[in-house]
Amino acid sequence: MPTAGSHKILVTRDLSDDQITLAEEVGLKVVIEPAIDFEFRTDWSSVVATIDESANPIFAFTSQNGVTGLKKLLSRGYQLPKESVIYAVGGKTAEALSELGFTAIIPELQYGEHLGRKIAEDVQAADIKDVTVIHFCGNRRREEMRQVLENSGVKVKDIVVYNTILNNMDINLDGVEGILFYSPSAVEAFRKSGGFRGKNLPELFAIGQTTGQELSIESGRNVHISPEPDTEQLLKFTARILSESSHSEKA
């Protein structure tokens, strides 16, 4: 049951039933308006060819959707090369890989740039020649990881396994005290739907630093960034910030 004094929030992606229950338990009333949708590729022949033609492939995943793409590829009977080395950004992405039977190496800081540095350092330390990093990604991927790797002399092949589609959002901020964003693409969809036109925006929350930077630029506002790139942590963090803000206004 919702706790007393629930704070109404707008969440720009779908949540699971367990996540909605958690939100209610920590005092949040959730309104969901997805900012983006995803469309996965159906033809995998070129992906298989790219992997098979790559010497010493290393696989990199910067989103759970990338892992979903791998899952769809594996469901067609394809198997990754034996003893494949796999890297991931984010605990949830690593967890999704674990569910497929793969153990991922994770950088200490959960950003694409740091993933690129980790891979480059490991390749250099192992003195592996002619490595190709296979990046399972979307069509709106960011370039930080690629730039770090290429500057270190490591080849990268981006495998686009899904397309991100910006939705025309139906934005109603009446009574909304906070808005939660999960990606720069969600920030863009919100902007294109007129979400930043009003001056009286509620508190803004981001799942991570990259999304937070985009959100700050678009809104010109202070952005609260989740202590961990995790939905459950973001919901708890949001509830705490809104509760503290409410108490300070009453004081």
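A short reminder: the numbers here are calculations on the coordinates, not readings from a lab. Remember, predicted model here, so these are calculated numbers, not experimental data. As a convention, Cβ positions derive from the backbone with ideal geometry for all residues, glycine included, and neighbour counts pool all protein chains shown.
Annotations for the structure displayed:
- For the range 39-164, a simple Cβ point-charge model (Lys and Arg +1, Asp and Glu -1, everything else neutral) yields a dipole of about 340 debye relative to the Cα centre.
- Paramagnetic reach from Val48 in the range 74-100 [backbone N under 20 Å; point 7 Å along Cα→Cβ]: 74-84
- Calculated over the range 39-164: convex hull of Cα atoms, volume per residue (Å³): 97
- Mean separation of Cα contacts under 8 Å (6+ apart) over length of the range 39-164, as relative contact order %: 32
- Antiparallel bridges, percent of DSSP beta bridges restricted to the chain (to nearest 5): 15
- The simple spin-label model puts a point 7 Å past each Cα toward its Cβ; for Ser216 and Ile241 those points are separated by 1.2 nm.
- Identified option (computed semi-axes √(5λ) of the Cα gyration tensor in Å; candidates (1) 37, 18, 17; (2) 34, 21, 16; (3) 50, 21, 14): (1)
- Semi-axis lengths, Å, the range 148-199, gyration tensor of Cα atoms, sqrt of 5 times eigenvalues: 34, 13, 9
- Between Glu232 and Ala55, the simple label model (points 7 Å from Cα in the Cβ direction) yields a spacing of 4.5 nm.
- Summarising the strand pairing of the range 39-164, around 10 percent of its internal DSSP beta bridges are antiparallel.
- Plainly put, the range 125-245 has a radius of gyration that is 1.08 times its Kirkwood radius, both from alpha-carbon atoms, as the Rg/Rh ratio.
- Stokes-Einstein D for the range 33-81, Kirkwood Rh over Cα pairs, 20 °C, 1.002 mPa s (µm²/s): 174
- Here the ratio of the Cα radius of gyration of the range 93-170 to 2.2 N^0.38 Å is 1.25.
- Peptides 204-211, 159-166 ordered by average Cβ neighbours within 10 Å, highest first: 204-211, 159-166
- Averaging over all projection directions, the Cα-based convex hull of the range 1-63 occupies 6.6 nm² in the image plane.
- In this simple spin-label model, placing a label point 7 Å from the Cα along the Cα-to-Cβ direction at both Lys71 and Lys29 gives a separation of 3.4 nm.
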